[in-house]
Amino acid sequence: MTFRWTEHRFAGGALALDVANSVILRADAAKSVDRFAAPEQIATFAEASTRLGAERDRFPALFAPEAEKRPVFLGLREAIDDYFRSSIANGSNDDGRLAELLFACGTALRSFPLSESLGNATAHSALSLLSAETQERLKICGNCGWLFIDRSKNRSRIWCDMTVCGNRQKASRHYHRKKEGRT
């Protein structure tokens, strides 16, 4: 299955979060879709992230991991999602999950020594998210469940992307209000 990588797909605000968000509807096993299930999608993601990602200046050219190193990259993705999703939901850091994230980052940095590698860049991006200031700004979208950095001044953002998730939530509320008004 092929996906189009649009600007909305890079709403996380960091390469590591965009990689973690490559699993759609992660919480619902019946509806969940892994955008990296097809190896060529990782390559198109790497290329698109250099045009559309928030860290495109930091990582201006990226290439996908070789087939034999793909499990390392996917393991890094899962460790990123597990650690940050858990720390946002619980409001605190879990040392065990942090150790798993650091191990996955270290494995990726050893496996992907070139800075132009998507695996290397993702590990660097994940490590940069560990600062207390950044972690305070991490959130889970109220519509799609993606991870994102809230860069608003008052830290009040609740959607990863206002033009997609925000509009969907507002349209849904409007529809239900209208429907309740008719009955």
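The values are calculated or read from the model by the stated rules, or taken from the named source; none is laboratory data. Because the structure is a prediction, the values reported are computed rather than measured. As a convention, Cβ positions derive from the backbone with ideal geometry for all residues, glycine included, and neighbour counts pool all protein chains shown. Note: accessible area is taken over every heavy atom of the protein model, side chains too, but ligands, DNA and RNA are not part of it. Shrake-Rupley method; radii C 1.70, N 1.55, O 1.52, S 1.80 Å.
Within the range 131-149, can you find the residues that are over 13 Å from the mean Cα position of the chain (by Cα) and either closer than 13 Å to I88 by Cβ or surrounded by 19 or more Cβ atoms within 10 Å (Cβ to Cβ) (or both)?
If the condition is that a residue be over 13 Å from the mean Cα position of the chain (by Cα) and either closer than 13 Å to I88 by Cβ or surrounded by 19 or more Cβ atoms within 10 Å (Cβ to Cβ) (or both), then T134, Q135, E136, R137, G142 are the ones that fit.
Could you list, in sequence order, the residues of the range 13-44 that are assigned to a helix (DSSP H, G or I) and either among the basic types (K, R) or more than 22 Å from Y83 (Cα to Cα) (or both)?
Of everything in the range 13-44, those that are assigned to a helix (DSSP H, G or I) and either among the basic types (K, R) or more than 22 Å from Y83 (Cα to Cα) (or both) turn out to be P39, E40, Q41, A43, T44.
Checking L74 against (1) modelled with pLDDT of 95 or more; (2) over 18 Å from L109 (Cβ atoms): exactly one of these is not met. Which one?
(2)
Would you pick out the residues in the range 5-39 that are hydroxyl-bearing (S, T, Y) and touching a Leu at 6+ places or on another chain (Cβ under 8 Å)?
If the condition is that a residue be hydroxyl-bearing (S, T, Y) and touching a Leu at 6+ places or on another chain (Cβ under 8 Å), then T6, S32 are the ones that fit.
From the set of residues in the range 52-87 that are among the small types (G, A, S), closer than 21 Å to K139 by Cα and surrounded by fewer than 21 Cβ atoms within 10 Å (Cβ to Cβ), which is nearest to the chain's Cα centre (by Cα)? Please lay out each step first, then the result.
Within the range 52-87, the first condition is being among the small types (G, A, S), and the residues that meet it are 53-54, 61, 64, 67, 75, 79, 86-87.
Now narrow it down to the ones that are closer than 21 Å to K139 by Cα: 53-54, 79, 86-87.
Pick out the ones that are also surrounded by fewer than 21 Cβ atoms within 10 Å (Cβ to Cβ) and you get 54, 86-87.
Values: A54: 11, S86: 14, S87: 14 Å.
Among residues in the range 52-87 that are among the small types (G, A, S), closer than 21 Å to K139 by Cα and surrounded by fewer than 21 Cβ atoms within 10 Å (Cβ to Cβ), the one nearest to the chain's Cα centre (by Cα) is A54.
Return the residues of the range 1-51 that are within 16 Å of T122 (Cβ to Cβ), open to solvent by 30 Å² or more (accessible area, probe 1.4 Å) and under 11 Å from the mean Cα position of the chain (by Cα); say none if nothing qualifies.
Selection gives R9 alone.
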